[in-house]
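Computed from the coordinates by the stated procedures, all read-outs in this text should not be read as laboratory data. In this text, all values refer to a predicted model and were calculated from it rather than measured experimentally. Please note: Cβ atoms are built from the backbone with ideal geometry, for glycine as well, and neighbour counts cover all protein chains shown.
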Amino acid sequence: MNNPVGTTARLLGAGLRALLALTVICGVLYPLAVTGISQAAFPDKANGSEIRDGGGRVVGSSLIGQTYDLAKQDPNDPEEAAAPDLRWFQPRPSLGLGSNTVNRQYSLLVSGATNEAADNPDLVRRVTAAKAAVVGANSTAGFKVRPEDVPADAVTSSGSGLDPDISLAYAELQIHRVAERNHLDVLRVKHVLELNTALKALGTV
């Protein structure tokens, strides 16, 4: 007859050896290999697609959208809404699952969609207000925006709430306003937009 104590000891020993081996392989060797390969082959993507200023300081990520707002009149007032700085192209709305006080550029802490239905009263109210704001902000003396010309990404957030890309239609809608606010020629701004348009077949900027 087999010794129950000996059998149990052998099973425990085999289980511990398997645990140790898998821990070394999956918890040490594999992460080191993947990290090494990614750093060698895709260092920019592996480090978060960081964007740096002229001094080398990290100022953002190409994977995360940023707002461009005017400074608050009272920085200590949490109720004061920041007004957009209309000199710059504006991103799509930022709506997600949480907020924070660390990332001042984008108000999200947890990435995710609101999952609100198309007939949700809050969503309808936000979209209606956002559309009116887009029409008002981007209409200039020589260029009038019609409500029906406002694209969906101008008034709704992305599934993650962090998407840095906007549609070409939304970017083109902002050209006249950006040109006027910066005292630039419209064609010059349009040319800059064309130089910074990616995935042109999909129409994203």
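Rounded to the nearest 0.05, what FRET efficiency is calculated for Asn76 and Ala133 with R0 set to 30 Å and r the Cβ-Cβ distance?
0.70
Mean silhouette area of region 4-46, derived from the convex hull of its C-alpha atoms and averaged over all directions, reads 2.8 nm². A cut-off of 5 Å between modelled amide H atoms, ignoring neighbours fewer than 5 places along the same chain, links Ile51 with Val59, Gly60, Ser61, Ser62. Here Glu194 and Val58 are evaluated by their C-beta separation; at R0 = 22 Å the FRET efficiency comes out at 0.20. Modelled spin-label separation between Thr35 and Thr8, with each label point placed 7 Å from Cα along the Cα-to-Cβ direction: 4.0 nm.
Could you list Phe42, Phe89, Phe143 in order of exposure, starting from the residue whose Cβ has the fewest other Cβ atoms within 10 Å? Each step should come with its number before you reach the end.
Details: Phe42 11, Phe89 19, Phe143 14.
Placing the least packed residue first, the sequence is Phe42, Phe143, Phe89.
Listed by chain and number, the aspartates and glutamates placed with their C-alpha closer than 13 angstrom to that of Lys72 are Glu80, Asp85; residues fewer than eight positions away on the same chain are left out.
Please work out how much length the chain gains when fully extended from Asn47 to Asp149, using 0.36 nm per residue of separation minus the C-alpha to C-alpha distance, in nm with one decimal.
Details: separation 102, 0.36 × 102 = 36.72 nm, distance 3.82 nm.
In short, 32.9 nm is gained.
Take region 120-205, drop everything but the C-alpha atoms, weight them equally and run the Debye formula without solvent; then report log10 I(q)/I(0) at 0.13, 0.16 Å⁻¹ to two decimals. Log10 of I(q)/I(0), two decimals: -0.46, -0.69.
Helices meeting the span-like rule in the chain (full DSSP H runs, Cα extent of at least 27 Å along the helix axis, mean Kyte-Doolittle score of 0.5 or higher): 4-24. Looking at the chain, identify the longest residue range that excludes and avoids all trypsin sites (Lys or Arg not before Pro) in DSSP loops having at most 10 other Cβ atoms within 10 Å. That gives 58-199 as the longest site-free run. Placing unit charges on the Cβ atoms of the charged side chains and taking the dipole of the chain about its Cα centre, the candidate lying farthest along the positive direction among Ser157, Gly60, Val24 is Val24. When the inverse distances between all different Cα atoms of the chain are averaged and flipped, the Kirkwood radius reads 21.1 angstrom.
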